[in-house]
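Notes follow once the structure below has been shown.
The values are calculated or read from the model by the stated rules, or taken from the named source; none is laboratory data. Small disclaimer: the values here were computed from a predicted structure and weren't measured. Cβ atoms come from the backbone with ideal geometry, glycine included; neighbour counts cover every protein chain shown. Note: areas computed on protein heavy atoms with side chains; ligands, DNA, RNA excluded. Shrake-Rupley method; radii C 1.70, N 1.55, O 1.52, S 1.80 Å.
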Amino acid sequence: MKTPALWILTLVIGASVAATGALAVDNITSRDAPYLASVRAKIQAKDYKGALAELTPMLETHQHADVYSLMGFALRKTGDYKQAYTFYRKALDFDPAHKGALEYLGELYVETGQLDKAKENVVLLKKLCPSGCEELADLEKAIAGAPATTAKVN
């Protein structure tokens with residue numbers, strides 16, 4: 001029966017992948033995930049609707065934290081805070097240490113007047129990058145620049 005041999009091969013390959021980090025989802029760059037390069041370019045150009053159009057079909061085939069986090073980012077930038085929150089949560093459910101999702105969710109909290117929650121994300125980012133990182137600096141900057149009153153979205 002080929003099933004035990006197939007199972008052993010799968011286990012060996014899985015262990016090799018885990019050891020090399022070949023399937024790690026955190027910190028995926030466009031080099032590691034070329035299909036995200038175009039999405040990142042659209043986001044950089046502030047073409048959030050274009051990014052959403054490209055990301056939506058990816059949700060079926062590329063289920064990992066970066067896709068969810070970028071989906072949340074583009075949704076937040078189009079004003080859909082509720083759906084953005086849903087996708088940030090999906091990203092963090094998939095990878096609780098995803099620095100981008102923690103930053104972006106914190107920024108959503110700032111934009112919706114939930115500074116206490118945004119500061120909780122700062123605490124989490126400080127644990128993930130004790131020497132500092134771009135995500136932590138960006139979220140701290142957003143909190144520092146928060147207006148005295150912002151629209152709260154439930």
Exercise. Somewhere in region 42-65, is a residue within 25 Å of Q114 (Cβ to Cβ), assigned to a loop (DSSP other than H, G, I, E, B), out of contact with any helix residue (DSSP H, G or I) (no Cβ under 7 Å at 6 or more places or on another chain) and at pLDDT 85 or above?
Worked result: yes
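With the structure loaded, tell me whether A22 is open to solvent by less than 80 Å² (accessible area, probe 1.4 Å), modelled with pLDDT under 95 and more than 21 Å from E135 (Cα to Cα) or whether it fails that test. It would help to see each step written out before you state the result.
Numbers: open to solvent by less than 80 Å² (accessible area, probe 1.4 Å): yes; modelled with pLDDT under 95: yes; more than 21 Å from E135 (Cα to Cα): yes.
The answer is yes for A22.
Do we have A74 as under 17 Å from E107 (Cα atoms) and touching an Asp or Glu at 6+ places or on another chain (Cβ under 8 Å) here? Full working, then the answer.
Values: under 17 Å from E107 (Cα atoms): yes; touching an Asp or Glu at 6+ places or on another chain (Cβ under 8 Å): no.
So A74 fails the test.
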Exercise. Mind checking which residues of region 95-122 are polar (S, T, N, Q), in a helix (DSSP H, G or I) and over 12 Å from L139 (Cα atoms)?
Worked result: none
Exercise. Looking at region 66-90, which of its residues are in a helix (DSSP H, G or I) and open to solvent by 50 Å² or more (accessible area, probe 1.4 Å)?
Worked result: K77, Y81, K82, Q83, Y85, T86, R89, K90
